[in-house]
Amino acid sequence: MSSAPHLVIIGNGVAGNRAAEILREKDKDCRISIISAGPLLFYNRYELPDVFKGRQDWRDYLENPPEYFSDNNITLRRRSIVADVDTERRKLVLAHREEVGFDQLLVATGGAGYLPERLQETASLTHQFTTYRSAMKMYKALPKGGRVVMLGGDMIGLDLARTLIETGYQVTVVPGDRTFWPHEISAEDRPKYLAALETMGIEVINHGEVERIEDTSGGATARRVVFVSGETVSADVVVTQYGLAPMVDFMSTAGVDIERGLLVNPQLKTTRDEIYAAGDVCQIWEQESNGYRFYYGWRNVRKMGEISARNMMGADVPFETEVDEQLIIKDDGSIDSPFWEYSA
Amino acid sequence: MTINGTDLQIAFCGSAGDGTIAVGDILKQAMAMAGYRVIAFDQYPAEIRGFGKCVSRTRVTGEQVYSMKQQTDILVSLDDSHAIPHASEVRDFGAVIYDNAPMSLMMEGEHISGHLQPGQIPYALPIREISERATGSNRGRNMVALGFVAGLYGLQQDVFHTIIARKFKTKPAAVTKDNTAAFDAGFDLGAGEFLFDEVSIGAPPAKAKHEARMLSGNSAVVEGCLDAGIEAYFGYPITPATTIMERLVTEMPKRGKRALQTEDEISAIAATIGAGYAGVRSATATSGPGLALMAEMLGLSVMAEVPSVIFVSQRGGPSTGMPTKTEQSDLNLAVFGGSGDAQRIVLAPTNVEGCWRCAGKAFEMAERYQTPVIVLLDLYLSNRYETVIVSPDERFEASSSKAMVPAKSGEKYQRFAKTDDGISPRAIPGQAGGIHTVTGLEHNDLGRPSDQANIHMDMSEKRHNKLSKAVDHPGITITKRFGDEGDVEVGILAWGSTFGESLEAMMLARDEGIKCAAMKVVMMSPLPEQPISEFMDSANEVLLPELNYEGQFAGIVSGTLGRPVNRLNMVPGTPMRVDDILNEIRRLAGREAKDAA
Ligand SMILES: Cc1cc2nc3c(=O)[nH]c(=O)nc-3n(C[C@H](O)[C@H](O)[C@H](O)COP(=O)(O)OP(=O)(O)OC[C@H]3O[C@@H](n4cnc5c(N)ncnc54)[C@H](O)[C@@H]3O)c2cc1C
């Protein structure tokens, strides 16, 4: 192994890849490794609803060609899940029982689709829309023009919903307290936003809490959602969209502070000097509210990747958001969100 | 080359004892049974179980090809320490399949996942754990991995079941059951896996008219010997020829024939010549060092005009050299080895079917031309497998001997009589009226020793001239041209196993717009001068790739025909790479060379 410092990034998303780019820009010699649980190169998740528009080859979603990683001397380790971080020995333990040493660590593991406990038992009957693979799985399960029942309806889900409507499918949203996540909508404003969804062609039903999901394959539709109220809705596909929960389990013994996400100062450093965090996984100290908070969305996350990398290289730049977090209703009655904004 | 888009190379890599070669074997048998064409080449160490690297590579195509691809589509690691150096062989968007739940903690870099190129697609599964769950033991790891490959690419599960049952039919029933269970567990997982790579397999080609068999070069030699009615075999073991003897020793007694292991190679060739003299079809098999020992005796077969057949599988030399590596450096020894002007027939098959044909034809030729016939293979050809389809109507002549016509009363039988075709009618010992002298000394028509100048000159001429007819021997391809007709920019002359890579390189060059042709030369001695000359006339540049340092065939061609060739020589111990030949073609055609992938 070379003596150049080893900078390890856990997470192959926007934050991790932006950080790698900046790190390489600033230091031509350091060793950079990106460790990723997934099988693919860095790809654009924001455009995944396009699978319903016929764009189904995963290579069409790649942000960089394979050579990018070799050309920039960035080691990408896929299907490698970090199971544990041994901060004292500065080693990561991968789930396949390999140890990887690091000098500095950036945690950019993002979030996984949150699933309320009562729905976990029937998770195999529902879809999530988080990765290319899950998008394709849903695409294959959904007959042309079929009906999707979306539980929750976070902004990722609603982005998908508008594409589904556009491409001739039917979408029913079963709203809950995480509808419009990560936007926080007051009880007072909620009806007007739900009404906007209907303007967009999305059906919104309010049967109260979901009790269970039933497998009705072989019948006219494959699934039935049963509500506590006794009412039911049939669907070809049921998709759960309750926002994201930060992926921090593997950090539990790393000796850094965790609340829901990894707690970092505005410079994105955790409570340990050699460990930084960026993206959906971290909660950043905010002086104004005297507390830690999440910042979501492409622009924020990308900026966090950049700031964390610069600070790992010795700078002292605080993260400041430039995103106006308002969920707006446009003139045509449909909603728009800064969270849907990104530039490819 | 690709029918229905099928051109797939799968490599299993493990440690000796992991069952790497065994799963490779099941895979190739199954693919052949499913109707595909297969070429496969295994590499394994001489060491015992638990040591050393084994790699089993199988290329599956719609049409038979005769070379392995440089880049593998799918690599399966059964042992990361051995597979890691091979990870770079996998092409972009090809697959690497490995165990993600190994037994022990690994240091950084010991797991294959850290060695994949960004373009390669990883598939990770707990191979050992699945085997333990399915069979209660980790010995089914290889079958789990094979099952995963089959499931992932939608290969026919039932065909694999048949081959697994066939492979273990002599073992207790539990062995087949466990192996099938391990295979099925892997299959289910593979079938449920999302396919990210670009590897695909089309439907098999239309069923061939005759049964396709999976044969290695050495087993094809054995089949050829048996089909030609071999009656006596004498041999001494040596890599990579040993398996010829091993199979003949089991097969010949079933047919009432004899195979004998002698004390050394000299004895083996002496006995072969003796049996040939007695009128039975006989052969021996060896490698370069063994042929060196046989060289003196070969002269007797030439001088006494006794048929003998010698199979030689070349390996890295000289001396003990590199016994488990391939090379083409015994050509000079095969063509010229021995004392005196001792011309003989040397055939060098270029593929497995050719091994069968050359083996059978060698007996016909040895008898017809009363000469030693050497069939020259190499380790790569001896050990590689191909699907072979031969019509059952194709038969070898049961006897090709120019039989003795009983002498008129008062006349002596002239064993070495001069005739128009240079071949003297041959008596078998014990044949009435056929009494004669046979000796390694120069002799007259009757076989009586003589050192008279005119006799030695006449007899030398006779022994050489009679062989010139061999180039027209029926039923065997001596040379064959492929690719562009007419004048070409580059013509490749190739022999032996290297012809397969040359053919592929030639086709790729044509795809790049280079006018190109390739000629395979099967008869190395006597040299088929006319077709080779015509081929050389049609090419601006002639390229002659061969796996030896000196350019032995290039020397023969240039020396005989008096014209230069461009030599491409290397001795890596492994088959020549298609890219190396292709780059040389490009250079000779004035195109830019490209980096080998
Ligand atoms: C389908 C979809 C559509 C979206 N659309 C938009 C949009 O249009 N606009 C927008 O602003 N935002 C959108 N988002 C949200 C946006 O993706 C996130 O805010 C952003 O991707 C977060 O980036 P990140 O780098 O923090 O984490 P992620 O992009 O989530 O990347 C996390 C990475 O960490 C890896 N990982 C996790 N745990 C481990 C572990 N233990 N070991 C190793 N690797 C691990 C994962 O494999 C992954 O590569 C969308 C999200 C999804 C899922």
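The values are calculated or read from the model by the stated rules, or taken from the named source; none is laboratory data. Nothing here was measured: the structure is a model prediction, and the numbers come from that model. Positions of Cβ are backbone-derived with ideal geometry, glycine not excepted, and every protein chain shown enters the neighbour counts.
If I filter segment B:576-594 for residues that are within 22 Å of the chain's Cα centre (by Cα) and among the basic types (K, R), do I get at least one hit? Within segment B:576-594, one or more residues are within 22 Å of the chain's Cα centre (by Cα) and among the basic types (K, R). B:M107 - would you say it is free of Cβ contacts under 8 Å to residues at least 24 places away in the same chain, within 14 Å of chain A (Cβ to nearest Cβ) and more than 24 Å from B:T324 (Cα to Cα)? Against the criterion (free of Cβ contacts under 8 Å to residues at least 24 places away in the same chain, within 14 Å of chain A (Cβ to nearest Cβ) and more than 24 Å from B:T324 (Cα to Cα)), B:M107 qualifies. Reported count of residues in segment A:2-41, each being without any contact (Cβ under 8 Å) to a residue 40 or more places away in the chain, of a type outside the set (G, A, S) and in contact with a strand residue (DSSP E or B) (Cβ under 8 Å, 6 or more places away or on another chain), is 2.
All of (1) over 17 Å from the mean Cα position of the chain (by Cα); (2) within 16 Å of the ligand (Cβ to nearest atom) hold for A:L160 with one exception: (1). Checked against the criterion of being part of a strand (DSSP E or B), within 13 Å of the ligand (Cβ to nearest atom) and over 21 Å from A:W340 (Cα atoms), segment A:284-296 contains one or more residues that satisfy it.
Out of A:M136, A:M155, A:M150, one residue alone is within 16 Å of the ligand (Cβ to nearest atom) and within 14 Å of chain B (Cβ to nearest Cβ). It is A:M136.
Restricting A:G38, A:G11, A:G54 to those that are more than 12 Å from every other protein chain (Cβ to nearest Cβ) and within 11 Å of the ligand (Cβ to nearest atom) reduces the list to A:G11.
Annotation note: of B:I164, B:I121, B:I127, the sole residue that is within 14 Å of another protein chain (Cβ to nearest Cβ), modelled with pLDDT of 95 or more, crowded, with 21+ Cβ neighbours inside 10 Å and more than 30 Å from A:E63 (Cα to Cα) is B:I127. Of the strands (runs of 3 or more DSSP E) contained entirely in segment B:246-340, those carrying at least 3 residues that are closer than 16 Å to B:T371 by Cα fall at B:282-286, B:308-314. Quick check on this structure: which one of B:K257, B:K169 is surrounded by fewer than 22 Cβ atoms within 10 Å (Cβ to Cβ), farther than 30 Å from B:L155 by Cα and modelled with pLDDT of 95 or more? Selected residue: B:K257, the only one of B:K257, B:K169 that is surrounded by fewer than 22 Cβ atoms within 10 Å (Cβ to Cβ), farther than 30 Å from B:L155 by Cα and modelled with pLDDT of 95 or more. Test B:D378 against the criterion of being of a type in the set (D, E) and modelled with pLDDT under 95, and give yes or no. Considered against the rule, which asks whether it is of a type in the set (D, E) and modelled with pLDDT under 95, B:D378 comes out as no. The sole residue among A:Y43, A:Y68, A:Y114 that is modelled with pLDDT under 95 and either within 11 Å of the ligand (Cβ to nearest atom) or touching a Phe, Trp or Tyr at 6+ places or on another chain (Cβ under 9 Å) (or both) is A:Y114. Picking from residues in segment A:58-86 that are assigned to a loop (DSSP other than H, G, I, E, B) and within 21 Å of B:I97 (Cα to Cα), the one that is farthest from the other protein chains (Cβ to nearest Cβ) is A:I81. In this structure, A:G305 does not satisfy being more than 8 Å from the ligand (Cβ to nearest atom) and modelled with pLDDT of 95 or more. Strands (runs of 3 or more DSSP E) fully within segment A:87-194 that include at least 3 residues being out of contact with any Pro (no Cβ under 6 Å at 6 or more places or on another chain) and within 28 Å of A:I329 (Cβ to Cβ): A:147-152, A:170-175. Just one residue in the set B:G276, B:G290, B:G354 is in contact with a Pro (Cβ under 7 Å, 6 or more places away or on another chain) and assigned by TED's automatic domain parsing to the domain that holds B:S219; that residue is B:G276.
On the given criteria, is A:K91 within 17 Å of A:G38 (Cα to Cα) and either away from the ligand (no atom under 11 Å from the Cβ) or of a type in the set (S, T, N, Q) (or both)? No: the conditions fail for A:K91. Counting the residues of segment A:323-342 that are outside any helix (DSSP H, G or I), under 18 Å from A:T163 (Cβ atoms) and either within 14 Å of chain B (Cβ to nearest Cβ) or within 12 Å of the ligand (Cβ to nearest atom) (or both) gives 4. Within segment A:105-118, can one find any residue that is surrounded by fewer than 22 Cβ atoms within 10 Å (Cβ to Cβ), within 14 Å of chain B (Cβ to nearest Cβ) and either more than 27 Å from B:R91 (Cα to Cα) or of a type outside the set (G, A, S) (or both)? Looking through segment A:105-118, none of the residues is surrounded by fewer than 22 Cβ atoms within 10 Å (Cβ to Cβ), within 14 Å of chain B (Cβ to nearest Cβ) and either more than 27 Å from B:R91 (Cα to Cα) or of a type outside the set (G, A, S) (or both). Restricting B:T135, B:T162 to those that are of a type in the set (V, I, T) and more than 35 Å from the chain's Cα centre (by Cα) reduces the list to B:T135.
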